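Everything below concerns the one structure shown next.
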Amino acid sequence: MLHILYIIAITAEAMTAALSAGRRNMDWIGVCIIAWVTALGGGTIRNILLDHYPMTWVEHPEYLLITAGGALFAALIASVMKRLRTLFLYLDALGLVVFTIIGCQIAEQMQLSIVIVLLSGMITGCAGGVLRDVLCNDVPLLFRKEVYASVSIITGAVYAGVGYLGYSIHLATIIAAVAGLVLRLLAIRYEWQMPKFVYQDEWE
Amino acid sequence: MLHILYIIAITAEAMTAALSAGRRNMDWIGVCIIAWVTALGGGTIRNILLDHYPMTWVEHPEYLLITAGGALFAALIASVMKRLRTLFLYLDALGLVVFTIIGCQIAEQMQLSIVIVLLSGMITGCAGGVLRDVLCNDVPLLFRKEVYASVSIITGAVYAGVGYLGYSIHLATIIAAVAGLVLRLLAIRYEWQMPKFVYQDEWE
Amino acid sequence: MLHILYIIAITAEAMTAALSAGRRNMDWIGVCIIAWVTALGGGTIRNILLDHYPMTWVEHPEYLLITAGGALFAALIASVMKRLRTLFLYLDALGLVVFTIIGCQIAEQMQLSIVIVLLSGMITGCAGGVLRDVLCNDVPLLFRKEVYASVSIITGAVYAGVGYLGYSIHLATIIAAVAGLVLRLLAIRYEWQMPKFVYQDEWE
């Protein structure tokens, strides 16, 4: 189940990423690379940091083909994509939550401490978008967007909390997924913002 | 033979990279770092992603000295470098092809699937330049430059294809190198471009 | 002793990094991420490159909490931070030297060659700031700032040199730390600059 949601999510992330690449006038290979980095980059960074090999996409190269296919298809139907904006915003929320839970599960299987479990979830959920922004030469959106990384942390905390209370991984996954999705959709709907730290003076 | 071409290629990449660093007014250490990242960064990222340790330059620290020396020398003779522009464009093509084949060989030795073999070649051939552009705060040139990453993929495909037909690695290497070089030089000569995906509307 | 200085240094780096994040109007999680990347990123990159696992902060998650706490505290007292500018410049010098020596020690324990020992020190000392600048979408300051990476290399060379002469690690650490600190403070005081390589012509 989580596996199917994962494939839907990476495809959706790849399709959205294609539009970012298009805004930078990238060629077709650039579109694929941005799509891969966005969809698979979070898990890749998590695996590098936790020394958890092999990479998912080395074991399952079909993920590279699916995401590349999705990205090129999105580039072909860019005008349609625009009208599906809301759908893809929801799919992105799904991706955030699914990636986060997978990240938490992996750190948990490695028996790492709770701080690292939450961080692993957040990296898996959010780092792909940061990499995309760095490659597109933007200040990462994550650091400024309405409640996004926070949703990841809360999703991870719910997941870990339910597991800690002795319930099964399945139940923890479902509750965390629902809680995370609801929170993210509310954040989109009401345009919740985290307090921002604005500082003007030059330093250094 | 591939080894000698490799050393020529990393030195040439380091020398070209020095000019990028100079355009950003970097000091001498910045020049060395940009040179290292450009010349050795592709193989380094490939090794991190494939968990293939130790790094080439950890085993052969002389590569760090050669590339740093080349970069500082290029900074000294920057005005001469300008007139050698075409030579260095050819040497860059050589580097692209040589790095790609080495990347394919390593993934092949690790018995990874064909998709990963091609990707490993492309990362080895192209990622150094992407890292250089990120550190120099540019949108990576790769994603917009005339047929570059495509040459890497085709070189890898020829290499893998000839090997698949049962011929020796040596023959596969030579045929792929010639095919890749010819393709890249034609792309430079006739300014071939991949179709670009241009998308204007703001999203997110 | 080095351990206590290390904790002081990562906290100070995290506090300074918070102001960088504030200048980019990041939210509170962005502030934490920039703080982590700045304070712990150098050692993390070194560990990835040298295949030296687990990460310090995976073994000691309390470092993540300390640096996040320091960063959020710095954001709260941003106006006070401004008046402590000189103090934090000194603490940054301390961090540079301490991180460098720790980086050298780790490469030495792995019995790597002297070139890699110095590079490991420089990466540990400097890469966190480079990552911060990339995430904040600046050309890395390191490559242009007055004698910074050079101090790291000289600190590492003194450390390795004293060790090579047969003296204990403790003595090597103390002499290298004092030499590095004095050098860096002199560089700040007299605004020493490395010669810059300025190159104007467009290439590529």
Which net charge results for the neighbourhood of residue C:45, defined as the other residues with beta-carbon distances under 15 angstrom from its beta-carbon, given Lys and Arg at +1 and Asp and Glu at -1?
-2
Relative contact order as a percentage, region B:2-190, C-alpha pairs under 8 Å and 6+ apart, gives 24
Based only on other Cβ atoms within 10 Å, what is the fewest-to-most ordering of B:20, A:150, C:120?
A:150, B:20, C:120
For region A:58-178, with only Lys/Arg (+1) and Asp/Glu (-1) charged at the beta-carbon, what is the dipole magnitude about the Cα centre, in debye rounded to 20?
400
How crowded by other chains is C:130-138, given as the mean number of beta carbons from other chains within 10 Å of each beta carbon?
3
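How charged is the neighbourhood of residue C:14? Take every other residue with its Cβ under 12 Å from the Cβ of residue C:14, and add Lys/Arg as +1 and Asp/Glu as -1.
-1
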At residue C:166, with labels set 7 Å past Cα in the Cβ direction, how many nm apart are the copies from this one, shortest first?
6.6, 6.6
Per-copy distances of the residue B:198 label point, shortest first, in nm (7 angstrom along Cα→Cβ):
3.6, 3.6
For peptide C:26-37, compute the average count of partner chain beta-carbon atoms within 10 Å of each residue's beta-carbon.
6
Charge dipole of chain B built from unit charges on the beta carbon (Lys, Arg +1; Asp, Glu -1), centred at mean Cα; most positive-end Cα among B:3, B:88, B:194 is B:88
Within region A:175-200, whose backbone N sits under 20 Å from a point 7 Å along Cα→Cβ of residue C:80?
A:197-200
Candidates B:62, B:108, B:13, ranked by Gaussian network fluctuation over chain B, Cα under 10 Å, top entry:
B:62
How many angstrom lie between the Cα centre of region C:1-59 and the Cα centre of region A:165-196?
28
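How much FRET efficiency would the formula 1/(1 + (r/R0)^6) give for residue C:169 and residue B:66, where r is the Cβ-Cβ distance and R0 is 35 Å, rounded to 0.05?
Values: r = 31 Å, r/R0 = 0.89.
Efficiency, from the Cβ-Cβ distance: 0.65.
Report, in deg cm²/dmol and to the nearest 500, the calculated mean residue ellipticity at 222 nm for chain C, where each DSSP H run with n ≥ 4 adds -39500 (n - 2.57) and the sum is divided by the residue count.
It lands at -25500 deg cm²/dmol.
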Could you give the Stokes-Einstein D for chain B in µm² per second, using the C-alpha Kirkwood radius, 25 °C, 0.890 mPa s?
142
Between residue C:90 and the same site in the other copies, what are the distances in nm, shortest first, taking label points 7 Å from Cα along the C-beta direction?
5.9, 5.9
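Readers should treat all values here as calculations from the given coordinates under stated rules, not as data from a laboratory. Just so you know, these numbers come straight off a predicted model, no measurement behind them. When we count neighbours, we look across all protein chains shown, and the Cβ atoms used for this are built from the backbone with ideal geometry, even at glycine.
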